[in-house]
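All remarks here apply to the structure that follows.
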Amino acid sequence: MKTFVYIDHFKGEVQPASWEALGLAKSFGSTSAIVFGSGVEAIVKDAFEHGADEVLLADDPALLDFRVEVFASTLSALASAQSPSLILFPSTTRTRELAATSAVDLNCGVITDATAVDVNGDSVVVTRPIYEGKLFEKVTCSSALQFITIRGRAFPKPEKQAGKTGTTTNVEAKTDALTTVEGYSVAEVGVSLNDAGVIVSGGRGVSNNPSLQPPAGLDDKQSEVWRAQQGFKLVGELASVLGGAVGASRAAVDAGYIPYSNQVGQTGKVVAPDLYIACGISGAIQHLAGIRSAKMVVAINKDADAPIFKAARYGVVGDLFVIVPALTEAFKRKLGK
Amino acid sequence: SEAKVKAEGGQISWGDAPLVINPFDEYAVEGALQQREAVSGSTVTVLCIGPESAKEALKHALAMGADDAILVSDPALKDLDTLGAARILAAAINKIGGVDMVIFGRQTLDSGSGLTPAQTARALGWSMLGLAGQIKVDSGSVIVERVIEEGRQSINAKLPAIISVVQSIGEPRYPSFMGIRKASKAEIPVWSLADLGASVQEAIVTRSELMSPPARESAVEIITGESPTEIADKLADKLIAEKVL
Ligand SMILES: Cc1cc2nc3c(=O)[nH]c(=O)nc-3n(C[C@H](O)[C@H](O)[C@H](O)COP(=O)(O)OP(=O)(O)OC[C@H]3O[C@@H](n4cnc5c(N)ncnc54)[C@H](O)[C@@H]3O)c2cc1C
Ligand SMILES: Nc1ncnc2c1ncn2[C@@H]1O[C@H](COP(=O)(O)O)[C@@H](O)[C@H]1O
């Protein structure tokens, strides 16, 4: 099976699920990695070290920013010239649009968010969650070429082989742009929610500490946000000692405690960490929709009847302002930090 | 959107849950109504491919304040995949004519692939501005703040354009009393494939099997102790032993 893997990156920073896709592709045979960008030699080297036999490279100033129409035309031309039967992508906001767009040019099928890919001769059967993970479906694709985007953390990451190299083949960048990128305001995201092994999340409860005295001159709303920031600081410290990322409920986002990019759930991000610690989150069905693939959930909530405890393996009924810092200290001691 | 779904003999069973508007598309309607308020002289038309019962979702959008609704419905449109849906939507958008902007939801809740907006854009040859948290129209161009993994990206395109929106666009407004009255009386035109002069392409991606996820080992263990330190120590030991760190 002639398989290519698209390596997704933002300003040179590769989305780790790209390597997971590369590892999966290698299990089917030899593999070419597709790298698009401007000044991306470091990614090419990394792709070889993660197992690519060949890199198909379009390195062009027109590809500095991801613009879907430009990247899709480049990918479509490449796929038409080389006729692979399978292109794997990590599931990201960029690849979803890229695969969708190029599939119109090539009239091929796209399957998103695969959690298993079974290849048997020429037949490929993909398993993916639907209805927010309440069900799984197996799907097949009838076109000669198919695109599959894989869920982050659903497949093992290949070992890096330092110094391994391979063949680089240059491909032409298409430059027919319809859009102009004006700029970015990049959040201080730290560890990204998509590939975090541990996520510590805060909900509306992070603002609930009446004993904290906000600085003078703040009105009620500002005091609430100030308190929430103290709460999220504790959440962040726990995440940091565990090398994890910070998430949030929608109530925390709507109240202005933390940006939308941290939101977990139906209208936020769907995450799949090994450990998810929910602090001051009640466990509404829309929040749970985002954490169904977490291997283990721990809940810290002062209400023993909060529904989050039904989704949790371990729970503490108590005040997060007390329990979370105690937990941070315990891990510092036990993990020798 | 709180409907309970389960796999039943290879079919999806909705129990007795009513068909409702996809929550992401409520944000899309909200985004469109905001643009109508911002750009004088504009109108909002809501469009859906679906069975007769999908008129309920369109009526909800009319009640929120949309001006017109169109349903594309045809027995041949039963098993569409996203590529097929995108080509039909593109044909309908062309038939409506004079459209400057089409606003989509981020994804549908059921299959949740989120592919249709970009595929419709490509089928039309229009620009695609996905995952917008904010939309501003300025003399024939549109500037969109996109919410991506790494933060926000500001991107500019000439109209016409396809936009998909996320929750940051703003809470969908509630239908007004007047809106509900108007919607209940609305006659929604139904276009067939013949009306569109379009033919349907066979679905490329098809489902072969439906499964329920493995049941979660349940029963929470509540950690208790004399002091916060004792509780924290016990919990930390458990999590280290579970090898989830
Ligand atoms: C269409 C739609 C989409 C949605 N999408 C999402 C989504 O993507 N993500 C999401 O999260 N929600 C989503 N929601 C909202 C969801 O229904 C809930 O309203 C939301 O998850 C509640 O957030 P919360 O748990 O932080 O707040 P609350 O429900 O208010 O819970 C706060 C919890 O904190 C506890 N608490 C308070 N103080 C403390 C303290 N000091 N220590 C410990 N515990 C404390 C309380 O006991 C309570 O259980 C959506 C809703 C709709 C209708
Ligand atoms: N049958 C349809 N009729 C109208 N719009 C649709 C239809 N299917 C998908 N869409 C739009 O495309 C978005 C993404 O859908 P999907 O690609 O199926 O996840 C939805 O939120 C809708 O805005």
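Worth a mention:
- Whole-Hz ³J(HN,Hα) from phi, Karplus 6.51 cos²θ - 1.76 cosθ + 1.60, for the range B:167-183, glycine and proline x: 3, 4, 4, x, 4, x, 6, 7, x, 7, 4, 4, x, 5, 5, 5, 5
- Summed over qualifying helices (DSSP H, 4 residues or more, each -39500 (n - 2.57)) and divided by its residue number, chain B shows a 222 nm mean residue ellipticity of -9500 deg cm²/dmol.
- For A:I34, the amide hydrogen comes within under 5 Å of the amide hydrogens of A:V5, A:Y6, A:I7, A:L56, counting only partners 5 or more places away or on other chains and with H modelled in the peptide plane.
- Antiparallel DSSP beta bridges within chain B, as percent of all bridges there, nearest 5: 50 percent
- Once the mean of 1/r is taken over each pair of separate Cα atoms and inverted, the protein assembly as shown shows a Kirkwood hydrodynamic radius of 25.2 Å.
- Residue by residue along B:202-215, Cβ atoms of other protein chains within 10 Å of the local Cβ number 5 on average.
- Exposed-site-free run, longest, chain B (rule: GluC sites (Glu not before Pro); DSSP loop; at most 15 other C-beta within 10 Å): B:3-186
- The ratio of the alpha-carbon radius of gyration of the range B:22-169 to the globular-protein estimate 2.2 N^0.38 Å is 0.98.
- Computed label-point distance, nm, for sites A:V181 and B:A194 using a 7 Å Cα→Cβ extension: 4.9 nm
- With R₀ fixed at 35 Å, the C-beta to C-beta distance from B:R173 to B:D100 puts the FRET efficiency at about 0.95.
- Summarising the amide proton neighbourhood of B:I70: residues at separation of 5 or more, or on other chains, whose placed amide H is nearer than 5 Å comprise B:V46, B:L47, B:C48.
- Inter-chain shielding of B:114-125 (mean C-beta neighbours from other protein chains, 10 Å cut-off): 6
- Where GluC sites (Glu not before Pro) fall in DSSP loop in the range A:124-205, at most 16 other Cβ within 10 Å: A:E159, A:E172, A:E188
- Fully extending the segment from B:D138 to B:K158 would add 6.2 nm, taking 0.36 nm per residue of separation and subtracting the current Cα-Cα distance.
- The calculated FRET efficiency for the pair A:V125 and B:V20, based on their C-beta separation and a Förster distance of 30 Å, comes to about 0.40.
- From the alpha carbon centroid of the range A:66-104 to that of the range A:292-337 is 41 Å.
- Alpha-carbon centroid distance for the pair the range A:192-222 / the range B:186-245, whole angstrom: 26 Å
- Shape category assigned to the range A:87-160 from the gyration tensor of Cα positions, a/c cut at 1.5: rounded
- Solvent exposure of B:M64, expressed as accessible area, is near 10 Å², computed with a probe of 1.4 Å over the protein chains only.
- Filtered trypsin sites (Lys or Arg not before Pro), the range A:219-302: DSSP coil and at most 16 other beta carbons within 10 Å: A:K295, A:K302
- Cα pair distances of chain A binned at 20 Å [whole percent]: 29, 50, 20, 1
- ³J(HN,Hα), Karplus 6.51/-1.76/1.60, whole Hz, each residue of the range A:256-267, x for Gly, Pro: x, 7, 7, x, 4, 5, 8, 6, 10, x, 3, 9
- Radius of gyration, Dmax [the range A:1-142; alpha carbons; angstrom]: 14.6, 43
- Per-residue Karplus couplings for the range A:278-287, computed as 6.51 cos²θ - 1.76 cosθ + 1.60 with θ equal to phi - 60°, are listed in order as 9, 10, x, 10, 6, x, 4, 4, 5, 6 Hz, Gly and Pro entered as x.
- Membrane-span-like helices in chain A, defined purely by DSSP H runs whose alpha carbon atoms cover 24 Å or more axially and whose average Kyte-Doolittle hydropathy reaches -1.0, are A:220-241.
- The length gained by stretching the chain between A:L64 and A:K45 to full extension, at 0.36 nm per residue less their Cα-Cα distance, is 5.0 nm.
- The calculated P(r) of the range B:37-113, using every Cα pair and 10 Å bins from 0, goes 15, 49, 31, 4 in percent.
- Every Cα-Cα pair in the range A:257-330 was counted, and those over 21 Å apart are 25% of them.
- Chains B and A together bury some 7300 Å² of accessible area, summed over both sides, with a 1.4 Å probe.
- Cα long-axis angle, helix B:228-241 against chain B (0 to 90 degrees, to the nearest 10): 80 degrees
- Applying 1/(1 + (r/R0)^6) with r as the Cβ-Cβ distance of B:D79 and A:S38 and R0 = 41 angstrom yields a FRET efficiency of 0.45.
- Cleavage-rule hits, trypsin sites (Lys or Arg not before Pro), the range B:164-245, DSSP coil, Cβ neighbours within 10 Å at most 15: B:R173, B:R216, B:K243
- The amide H of A:T168, built 1.01 Å from its N in the peptide plane, has A:V55 as neighbours under 5 Å, considering only residues 5 or more places off or on other chains.
The values are calculated or read from the model by the stated rules, or taken from the named source; none is laboratory data. Everything numeric here is computed off the predicted structure, so don't read it as measured data. Here the Cβ is made from the backbone with ideal geometry for all residues, glycine too, and neighbour counts use every protein chain on show. For the accessible areas, the whole protein counts, side chains as well, though only heavy atoms, and no ligand, DNA or RNA atoms are used. Shrake-Rupley method; radii C 1.70, N 1.55, O 1.52, S 1.80 Å.
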